[in-house]
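Undergrad: This is the structure I have questions about; it appears just below.
The values are calculated or read from the model by the stated rules, or taken from the named source; none is laboratory data. Note that the structure is predicted; figures quoted are calculated from it, not measured. Cβ atoms come from the backbone with ideal geometry, glycine included; neighbour counts cover every protein chain shown. Surface accessibility is based on the protein's heavy atoms, side chains included, excluding ligands, DNA and RNA. Shrake-Rupley method; radii C 1.70, N 1.55, O 1.52, S 1.80 Å.
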Amino acid sequence: MSNTNKRYPKAVVFDLDYTLWPCWCDTHIYTPIKSLNNSTIIDSNKFKLSFYKDVEKIILELIENNIIIIGASRTATPSVAKKILSLLEIGDEPAINHFDSLQWGQGTKINHIRKAAKELDIVDELKNGEFILFDDESRNKDVESINVHFAHIKDESRGLTMEIFNKELKKWHEKYK
Ligand SMILES: [Mg+2]
């Protein structure tokens, strides 16, 4: 399939819990965690976790198109989230290596995104609507006040899918072209 007509923003921001993987890593995961194979981790309760099925394909597509990838999570346990991202692989590399910036902390994701934009020196691109946030929590829609397109992940059994990804890229392009 050709992607010639597909438009991408400068940066794509991903929430983690229930966007990239089906759990809350601060309440469902019991440390220590180990790698079971390159796509699955297992915690000390024998709970197994992988990315939602289309996540690897989506991240690889963004890398191929030189899109900046940012993680933004309110989790109370960033260390667990980082460990999961270090153990799960994307394109034969720890997933964490593919994130240009990871932002943590409670409160509005406006702060996460502003910090990442500053850190990566893409503040103007943020102002110009060159960011999309994929997130399962509708309260994070407040990022639209700083010109970020909010892409809502509604079904926690499926998480981020290729269908949602493509649909939201189109919506973003319609809004900002
Ligand atoms: Mg979430």
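Undergrad: Return the lysines within reach of Lys34: Cα separation strictly under 18 angstrom, same-chain partners fewer than 8 residues apart disregarded; answer none if there are no such residues.
TA: Hits, sequence-local ones excluded: Lys46, Lys48, Lys82, Lys83.
Undergrad: I'd like the trypsin sites (Lys or Arg not before Pro) in region 8-109 restricted to DSSP loop residues with at most 16 other Cβ atoms within 10 Å, sorted by number.
TA: Answer in residue order: Lys46, Lys53.
Undergrad: Also, I was wondering about something else. Angle check, please: helix 162-176 long axis (alpha carbons) against the longest principal axis of the chain (alpha carbons), in degrees 0 to 90, nearest 10.
TA: Result, in degrees: 30.
Undergrad: Run through the DSSP bridge list for region 8-162 and note the antiparallel percent, rounded to the nearest 5. All intermediate terms of the calculation are to be shown ahead of the outcome.
TA: Numbers: 7 of 25 bridges.
Taking every DSSP beta bridge within region 8-162, about 30 percent pair in antiparallel fashion.
Undergrad: State to the nearest 20 debye the size of the charge dipole of region 12-53 about its Cα centre, where the only charges are +1 on K and R beta carbons and -1 on D and E beta carbons.
TA: Dipole about the Cα centre, nearest 20: 260 debye.
Undergrad: Cα axis of helix 55-64 to longest principal axis of the chain: angle in degrees, 0 to 90, nearest 10?
TA: 50 degrees
Undergrad: Further, regarding this structure: Provide the FRET efficiency to the nearest 0.05 for the Glu156-Ser35 pair, computing r from the beta carbons and using R0 = 22 Å.
TA: Calculated value: 0.35.
Undergrad: For region 79-130, what is Rg from Cα atoms divided by 2.2 N^0.38 Å, rounded to two decimals? Show your work: numbers first, answer last.
TA: Values: Rg = 13.1 Å, N = 52, 2.2 N^0.38 = 9.9 Å.
Compactness ratio reported: 1.33.
Undergrad: Among the lysines, select those whose C-alpha is under 17 Å from the C-alpha of Lys6, and discard any that sit fewer than 8 residues away in the same chain.
TA: Filter leaves Lys57, Lys167, Lys170, Lys171, Lys175, Lys177.
Undergrad: So, one more: Quick check: the angle from helix 78-87's long axis to the longest principal axis of the chain, C-alpha only, nearest 10 degrees?
TA: 80 degrees
Undergrad: Shape of region 99-177 from its Cα gyration tensor (a ≥ b ≥ c, root eigenvalues): rounded if a/c is under 1.5, otherwise prolate when a/b > b/c, or oblate?
TA: Details: a/c = 1.77, a/b = 1.24, b/c = 1.43.
Cα axes put region 99-177 in the oblate bin.
Undergrad: Report Rg(Cα)/(2.2 N^0.38 Å) for region 25-124, keeping two decimals.
TA: Ratio of Rg to 2.2 N^0.38 Å for region 25-124: 1.13.
Undergrad: Considering all alpha-carbon pairs of region 49-101, what whole percent are spaced by more than 17 angstrom?
TA: Of the Cα pairs, 34 percent sit more than 17 Å apart.
Undergrad: Another question, if that's okay. Counting pairwise Cα distances across the chain, what percent come out greater than 28 angstrom? Spell out each step's value before the answer.
TA: Values: 2783 of 15576 pairs.
I get 18 percent for the Cα pairs in the chain exceeding 28 Å.
Undergrad: If you put +1 on each Lys and Arg Cβ and -1 on each Asp and Glu Cβ, how big is the dipole of the chain around its Cα centre, in Debye rounded to 20?
TA: Using Cβ point charges on Lys, Arg, Asp and Glu, the chain gives about 260 debye.
Undergrad: So with the 1.4 Å probe, I'd like the accessible area per residue for the chain, rounded to whole Å². Before the final figure, lay out each step's value.
TA: Details: 9030 Å² over 177 residues.
In whole numbers, the chain has 51 Å² accessible per residue.
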